[in-house]
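Have a look at the structure below before the remarks.
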Amino acid sequence: MTLIIVTVIFLLVGLAALWVLLHPSDRVLKRVAGYYLGTIFCGDTRERVVALTIDDAPHPDVTPGILRELRAHGVRATFFIIGANARAYPELIESIRADGHELANHLFTDRISARLSDHAFVDELRSTDELIQPLDSPKFCRPGSGIFTPRIVRLMQENGYTPVAGTAYPVDLRTSVGFTVNHFLCNIRPGAILVLHDGGSKRINSIKVLATLLPRIRERGYRMVTLTELRQVCRV
């Protein structure tokens, strides 16, 4: 009987932790943000605006489809660019910029950048910066795999970048289109930052997610914006 009780308690704790991860409240986000000062997790606004961010861009298998869906729904997003991809597909960088989207820094390689030394991290940050030449100020950066530490937050800030996390991470690389869409919709709130993925053929579902998600967000009275546009309506 004791073993059953302990097992049930562990299951309940695990489910509670999973719920918090999938549906973080404003209180939880503010507490986490307190450990990473200057990092944006959610915009502080009462306006019904949501920032859409796209990680791991660009890639010829997915980026054109993402751009097509955004264009069809009149939405502008912030693309977090991997430097190696930008160097391989410069024409896609120009297509993203030509459609009025915002370019942000996702470092040079698709790996956990928190594991890099200070020198390697800064080198990847600057190498990507040279390729994408972000036009907006402040410039935004999200480290590889979205893993933050106080050390890399400091390095981003010292190099003129604002660190950006997010409000909703649906783990869309491993979940269905329906789960990803529902996860985003459950986390819609004023100032929310959504994280979707570009990249190779395994990310093709992102196109289907946007086709379903964007009209449903609009039906709820929300407007999709870039990170810069989100900052403009936030309380200082």
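The values are calculated or read from the model by the stated rules, or taken from the named source; none is laboratory data. Quick caveat, the model's predicted, so the values are computed rather than measured. Counting neighbours? That spans all protein chains shown, and the Cβs are built from the backbone with ideal geometry, glycine included.
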Total residues in region 122-162, condition over 15 Å from I112 (Cβ atoms), within 17 Å of the chain's Cα centre (by Cα) and among the basic types (K, R): 1
Cross-chain or 6+ apart pairs with Cβ under 6 Å, region 29-49 first and under 12 Å from R189 (Cα atoms), then outside any loop (DSSP other than H, G, I, E, B) and modelled with pLDDT under 95: C42/L29
Evaluation of I193 against (1) without any contact (Cβ under 8 Å) to a residue 40 or more places away in the chain; (2) within 15 Å of F41 (Cβ to Cβ) (one fails), failing number: (1)
Which listed residue is crowded, with 17+ Cβ neighbours inside 10 Å and out of contact with any helix residue (DSSP H, G or I) (no Cβ under 6 Å at 6 or more places or on another chain), from I132, I96: I96
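How about region 159-205: which of its residues are under 26 Å from V28 (Cβ atoms) and hydroxyl-bearing (S, T, Y)?
Here is the first cut: in region 159-205, the ones under 26 Å from V28 (Cβ atoms) are 161-176, 178-197.
Scanning region 159-205 gives Y161, T162, T167, Y169, T175, S176, T180.
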Exclusive hit being touching a residue at least 24 places away in the same chain (Cβ under 8 Å), surrounded by 17 or more Cβ atoms within 10 Å (Cβ to Cβ) and either out of contact with any helix residue (DSSP H, G or I) (no Cβ under 8 Å at 6 or more places or on another chain) or not acidic (D, E) (or both), set L173, L185, L213: L213
Which listed residue is of a type in the set (A, V, I, L, M, F, W, C), modelled with pLDDT under 80 and under 17 Å from the mean Cα position of the chain (by Cα), from L11, L70, L22, L18: L22
Close pairs (6 angstrom Cβ cut-off, 6 or more residues apart or separate chains): at pLDDT 90 or above in region 132-149, among the polar types (S, T, N, Q) anywhere: F140/T162; C141/N105; P143/S113; G144/S113
Pair list, Cβ < 9 Å and 6+ apart or interchain, from region 51-76 residues that are aromatic (F, W, Y) to residues that are surrounded by 21 or more Cβ atoms within 10 Å (Cβ to Cβ) and at pLDDT below 95: none
Pair list, Cβ under 7 Å, 6 or more apart: region 85-108 residue over 19 Å from G146 (Cβ atoms), other residue among the small types (G, A, S): I93/A86; I96/A57; H101/A77
